[in-house]
Structure formats: structure tokens, C-alpha cells
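Below is one structure, written out as C-alpha cells, with a few remarks after it.
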Amino acid sequence: MPRYYATTPIFYVNDAPHIGHTYNAVTVDAVTRWHRMLGDDVWSLTGTDEHGLKVQRSAEENGRTPQEQADLNSDRFREAWAGVNLANDDFIRTTEPRHHQAVQALLQKAYDNGFVYQDTYEGWYCVRCEAYYEEDDLLDDHHCPIHKAPAEWMTEENWFFKLSAFQERLEAWFEAVPDNITPGGYRNEAMGILKLGLRDVSMTRSSIDWGIPVPWDDDHVFYVWYDALINYATAVGYADDPERFEAWWPAAHHFIGKDILRFHTIYWPAMLMAAGIEDMPHFHVHGFLLLGGEKMSKSGNVTKIAPSEMTEVLGVDGFRHALLRDHPFGPDSEFSYESMVERYNTDLANNYGNLISRVATVVGKKCDGVGPAPQADSPLAAVVAESYATAAEAWDKVQPSQALDATIRIVRDTNEYLQQNEPWKMDPGPEVDAVMGDAIEAARIATVLLWPTIPEAAEAAWKRLGLDGTVAEQPLPAAADWGGYPGGLTVSTGDPLFPRVKG
RNA sequence: GGCGCCGUAGCUCAGUUGGUGAGAGCGCUCGACUCAUAAUCGAGAGGUCGACAGUUCAAAUCUGUCCGGCGCUACCA
């Protein structure tokens with residue numbers, strides 16, 4: 001059984017969950033749900049990044065311990081993800097003991113293998129940023145470009161990671177694995193970074209307490225990135241279950257935003273290599289949601305919009321669908337309230353939801369409420385087969401927008417098929433049965449294929465069609481084969497699955 | 001400065017290795033239907049595929065230049 005291990009980034013606890021985070025998390029959720037239907041052995045991970053100066057500071061400001069602060073804020077992400085129906089298998093926190101063990105173990109390996117050394121770091125340092133700057137990046141008189149405050153010349157003893165030692169091995173990895181980073185544009189970006197040449201980087205801090213102690217030097221904690229990235233290994237047992245790690249690690253897929261490309265696709269693979277891990281993860285990189293439209297651009301930035309603002313209007317499933325359908329995975333794309341509502345109304349209210357309604361009503365009136373079996377040679381059979389092939393390929397390439405487009409095509413063509421045959425004008429009999437059997441079957445398959453994005457509504461539709469069991473347990477590709485609907489099941493009507501939303 | 005990305009109908013976007021008269025959804029116009037969530041279906045209008053110049057029998061697709069927007073070149077989480 002193929003394995004598929006998918007991760008979101010761990011989100012920094014000081015941030016509030018917003019639709020940018022949500023886009024990433026829902027993509028991972030939908031893709032992993034698709035893989036579950038394929039019968040793959042799936043593990044999906046999300047979590048929170050909880051160390052670092054910012055957490056330490058906001059804890060002080062609020063009169064809490066850093067751990068208390070982290071607990072509070074981590075819960076916001078848990079709640080947000082429950083609110084969009086994420087079916088993650090694990091939620092990791094970097095403050096957990098299992099993670100401390102893994103970080104110390106993995107970096108100790110790097111140390112033992114000779115890829116860590118002590119050196120003096122000198123540079124212009126902004127206290128408020130807690131970061132060093134290159135001279136060229138500072139404003140006049142060595143002022144910090146962000147805070148406009150004077151930077152100080154600092155000298156610090158630090159532990160360095162020998163990133164430069166991995167230049168060639170990283171290049172070899174890129175050469176050997178053409179799809180190590182998708183979409184391809186981001187792979188080019190990463191290769192560009194490589195081509196410029198890699199410098200060793202500092203990986204510890206002695207000025208902060210809120211972090212994971214360096215095992216060979218009590219005075220230091222690891223710099224946040226060297227702590228955070230390792231979460232992906234922690235979660236599949238790097239420190240405490242080597243067998244489990246062996247099994248899952250080769251199947252790792254990291255879904256990330258383009259802003260963290262460098263750390264993930266260059267530093268992290270090098271860290272793995274330094275620790276003697278052979279298998280490299282796959283990376284799927286997306287762009288930003290840009291805030292357009294009227295209603296929300298007034299509130300400024302996409303990072304100010306909580307997912308709950310959208311689920312209140314569109315429902316959980318409606319939001320999930322519109323989010324993935326309208327924003328191709330990879331490039332930056334426009335996000336607007338108006339287009340989300342429009343997408344919801346078009347795809348889910350007018351097409352999919354309405355199809356379920358009209359089918360149920362006509363079956364009720366013309367077939368005594370019992371769904372007839374589909375025709376083996378229905379013209380819809382070919383439509384479904386083609387749509388499935390397109391959707392399956394798109395999911396495989398991590399292109400949910402394309403997959404959903406292909407899936408909705410089934411719904412559109414079924415509406416067209418009904419319109420052409422007008423079964424509501426016919427007297428009950430074989431002719432009506434033939435048309436309605438086909439329509440139910442197409443609706444059934446569309447429901448299966450929509451489950452990864454609209455799981456709740458899909459289950460509800462499944463029951464209305466009178467089908468047994470759950471959509472979740474339907475196996476692909478078999479469940480998408482034409483003719484799966486047996487006929488003779490009671491079809492029921494009900495309130496609209498997706499009520500129209502007024503713009 | 002260097003590297004890279006983007007610029008296709010009013011809007012949001014598709015367009016594999018260059019090849020039938022350039023597409024989808026939405027919006028718009030007209031019509032049909034009335035089973036259905038004023039939903040659905042059909043027809044139509046609408047683009048010199050950023051500009052210019054090349055390569056080619058043939059380019060939105062390849063090359064160069066230019067214009068416009070953006071990213072990276074940062075130990076910002």
C-alpha cells in the first residue's frame with residue numbers, strides 16, 4: 001500500500017490563523033483525503049511553532065510564562081482547523097518533549113558527523129529584530145530598515161552549520177529528482193539560490209532562553225529554524241520510533257508557501273543529509289492570496305481575515321470548495337469575498353446542490369421515490385470517465401482547482417442531460433427511469449469526487465440518494481466507475497444542501 | 001546590478017513537446033424550459049494572446065529588445 005505523508009508548515013503561535021494559513025491547511029486536507037480514497041496509507045500533520053523571542057516577549061508583556069502563552073495561542077490554531085473540518089492525524093507542538101528529543105538527536109548527529117563548528121559571529125545587530133543585517137541592507141548610519149533604530153556591532157560566539165558542505169549533494173538531488181519541488185517555477189527559484197553558492201549559517205543563540213537547549217553546550221538554544229523544520233521528522237517517530245520513521249519518511253510531502261522556500265528546500269535537505277538521512281522530501285509550493293474586491297480590502301491585509309469570517313457566510317464545505325477551486329496552487333492569486341460567494345453560488349448552489357434537489361424531486365414524482373438503475377451505455381458514462389481521469393491527474397499533481405473544475409463538469413453535463421431529455425414531461429415508465437438512473441449515477445460519482453473538499457455535504461447527499469455506508473469509505477478508482485449505483489434505493493428530498501448566498 | 005516569474009475576452013484564469021478558424025467559468029444580450037435553491041438549458045456579442053523585431057511552411061507557444069507588474073539575491077518564523 002503506497003504511503004503518503006503530508007505536512008503543513010507549523011504555524012508561528014504569535015500569528016492569528018488567517019485565510020493564508022487556511023489555504024495551505026485545506027489544500028493538504030483535501031489532497032490527503034483524496035489519497036485516503038485511493039486507499040493509500042496516509043498521515044497528515046499540522047501544528048505550531050512555539051519557540052523564539054517573540055513568544056518570550058509577548059509572554060512577558062502578558063504576565064505569563066512562555067509555555068502558558070504558547071498553550072493559549074496554539075489552541076487558536078487547533079480551533080481554527082477544527083472550524084474548517086481538517087482531518088489531520090496529528091498536531092505537533094515544538095514545545096513537546098518528543099520534539100525536544102528529536103531536535104537534539106538530529107542535530108547531535110550533525111555535530112557528530114562533523115557538520116557543526118564553533119565560531120564568532122560579528123555583524124550589525126538590531127536588538128528589536130533580534131537579527132543581524134548585512135551592511136548593505138541597513139539604512140544610513142547603520143539604522144535598522146524595519147525599526148529605523150541604530151543597529152549595534154555585535155560579537156557573539158555561535159555554533160555554525162556547515163551548509164556549504166552540501167552544495168554538490170543538493171545539486172545532485174535536484175538532478176536526480178525532477179519533481180522534488182512543484183510547481184516547476186519554484187524549483188527554478190531554489191536552483192537559483194543554490195547556484196549563487198551556499199554559506200555556512202549560525203544555528204544557535206545564547207541570548208534567548210525560550211528554545212531547545214543545545215545538547216553539547218548548555219549556554220545555547222537552537223535558532224528557531226533549526227528547531228522548527230525538524231518537526232516533520234519528530235512527528236513520524238525520528239527520536240522514539242525508528243521503524244516508524246523509516247516507513248514514513250520516504251513518503252514525505254511538505255506543502256509550503258513561497259516565503260519559506262529557502263529554508264525548506266535548501267537548508268532542511270542539507271540538515272537531513274548532515275544527520276545521515278538519505279531520503280529527501282517532496283515540496284509543493286504555493287503563492288500568496290492577494291486581497292482584492294471591495295468588502296475585505298477595507299480591512300487591509302489578507303492576514304487579517306479569519307477563516308471563520310468566510311465559513312459563517314458559506315459554511316465550512318462551501319468555503320473549502322471556493323477556496324480551493326478559485327485559487328490555483330502555485331501562483332499568487334486574487335482573493336475576494338465577492339468571487340468566493342460567486343463561486344459558491346455557481347458551483348455548489350446552482351449546479352451541484354440544485355442537481356441533487358431536482359433529481360430527488362423528479363424521482364419522487366415519476367419513479368415513486370425509488371431510484372432506477374443507470375443505463376450501461378449512457379452518454380454520461382463517457383463524460384464521467386473523462387472527468388475522473390482529469391481530476392485524478394490533477395489531484396496527483398497537487399492542482400485542486402483543476403481537479404474540482406473537472407469534477408464540476410460532471411454536474412454541468414448532468415444538468416444539461418436532464419434539460420435535453422425533460423423527464424418531468426414524460427409519463428412514468430422505462431424512458432423516465434433510464435434518464436433518472438443516469439442522472440443519479442452521475443450525481444453519485446460527482447459526490448464521491450467532491451468528498452475531499454466538501455466532506456459533510458457529500459455525506460448528506462449520499463444519504464439522500466439512498467446509498468449505503470459513507471462516501472469516505474468509497475474506494476477509488478472503483479467508486480468512480482459507471483454503473484456503481486444499483487437502483488432500487490429510496491431517494492429523499494430535503495432542504496437545500498447549499499442555500500444560495502446573496503452577494 | 002545578477003537570477004527568476006508574470007502580462008491571453010469586462011472580471012478571475014486554462015492553454016501539454018510551436019500546427020484544425022484562440023478556450024473555460026463568471027458577467028452581459030436574446031431565447032427555451034418550468035423538475036429544481038428566480039436554479040437549469042441554448043444561441044450570441046466580446047480578445048491585433050503587453051509592444052516591436054526575428055526563427056519557421058506554421059508562434060499565445062521558440063529567440064532578442066523594450067514597456068509594465070512582481071519575487072529572490074536577508075540567520076526578518
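Could you run through the stretch A:187-223 and say how many residues are over 27 Å from residue A:102 (Cβ atoms) and touching a helix residue (DSSP H, G or I) at 6+ places or on another chain (Cβ under 8 Å)?
Residues that pass the stated criteria total 4.
If residue A:470 satisfies every condition in (1) of a type in the set (Val, Ile, Thr); (2) in the same structural domain as residue A:371 (by TED's automatic domain parsing); (3) in contact (Cβ under 8 Å) with a residue 60 or more places away in the chain but one, which is the exception?
Failing condition for residue A:470: (3).
Near RNA strand B (Cβ under 9 Å from one of its atoms) and touching a residue at least 24 places away in the same chain (Cβ under 8 Å): which single residue out of A:404, A:348 fits that description?
A:348
For the stretch A:295-387, which helices (runs of 4 or more DSSP H) that fit wholly inside it have 1 or more residues that are within 32 Å of the chain's Cα centre (by Cα) and among the acidic types (Asp, Glu)?
Answer list for the stretch A:295-387: A:307-326, A:337-343.
Would you mention how many residues in the stretch A:1-52 are under 29 Å from residue A:476 (Cβ atoms) and assigned to a loop (DSSP other than H, G, I, E, B)?
5
Limited to the stretch A:60-95, what total is found for residues that are touching a residue at least 12 places away in the same chain (Cβ under 8 Å) and over 22 Å from the mean Cα position of the chain (by Cα)?
Residues that pass the stated criteria total 5.
Determine if the stretch A:46-69 includes at least one residue that is closer than 29 Å to residue A:291 by Cα and more than 16 Å from RNA strand B (Cβ to nearest atom).
No.
When you check residue A:483 against the structure, is it on the phi > 0 side of the Ramachandran plot, part of a loop (DSSP other than H, G, I, E, B) and either in contact (Cβ under 8 Å) with a residue 24 or more places away in the chain or touching a Leu at 6+ places or on another chain (Cβ under 6 Å) (or both), yes or no?
Spelling it out, residue A:483 is indeed on the phi > 0 side of the Ramachandran plot, part of a loop (DSSP other than H, G, I, E, B) and either in contact (Cβ under 8 Å) with a residue 24 or more places away in the chain or touching a Leu at 6+ places or on another chain (Cβ under 6 Å) (or both).
Count, please, the residues in the stretch A:56-92 that happen to be in contact with a Ser or Thr (Cβ under 8 Å, 6 or more places away or on another chain) and open to solvent by 30 Å² or more (accessible area, probe 1.4 Å).
Of the residues in the stretch A:56-92, 5 are in contact with a Ser or Thr (Cβ under 8 Å, 6 or more places away or on another chain) and open to solvent by 30 Å² or more (accessible area, probe 1.4 Å).
Name every residue in the stretch A:41-55 that is open to solvent by 30 Å² or more (accessible area, probe 1.4 Å) and either touching a helix residue (DSSP H, G or I) at 6+ places or on another chain (Cβ under 7 Å) or modelled with pLDDT of 95 or more (or both), in order of residue number.
The answer is A:41, A:43.
For (1) part of a helix (DSSP H, G or I); (2) buried (at least 24 other Cβ atoms within 10 Å of the Cβ); (3) at pLDDT 95 or above; (4) not assigned by TED's automatic domain parsing to the domain that holds residue A:466, each residue gets a yes or a no:
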{"position": "A:406", "(1), (2), (3), (4)": "yes, no, no, no"}
{"position": "A:418", "(1), (2), (3), (4)": "yes, no, yes, no"}
{"position": "A:432", "(1), (2), (3), (4)": "yes, no, yes, no"}
{"position": "A:438", "(1), (2), (3), (4)": "yes, yes, yes, no"}
{"position": "A:441", "(1), (2), (3), (4)": "yes, yes, yes, no"}
{"position": "A:445", "(1), (2), (3), (4)": "yes, yes, yes, no"}
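Can you name the residue in the stretch A:214-266 that is in contact with a Gly (Cβ under 7 Å, 6 or more places away or on another chain) and part of a helix (DSSP H, G or I) and, of all such residues, is nearest to RNA strand B (Cβ to nearest atom)?
Checking each candidate, the answer is A:224.
Answer yes or no as to whether residue A:174 is assigned to a helix (DSSP H, G or I), modelled with pLDDT under 90 and touching a helix residue (DSSP H, G or I) at 6+ places or on another chain (Cβ under 7 Å).
It is true that residue A:174 is assigned to a helix (DSSP H, G or I), modelled with pLDDT under 90 and touching a helix residue (DSSP H, G or I) at 6+ places or on another chain (Cβ under 7 Å).
The values are calculated or read from the model by the stated rules, or taken from the named source; none is laboratory data. The structure presented is a predicted model; accordingly, all values stated were derived computationally and were not measured. Positions of Cβ are backbone-derived with ideal geometry, glycine not excepted, and every protein chain shown enters the neighbour counts. Only protein heavy atoms, including side chains, enter the accessible area calculation; ligands, DNA and RNA are left aside. Shrake-Rupley method; radii C 1.70, N 1.55, O 1.52, S 1.80 Å.
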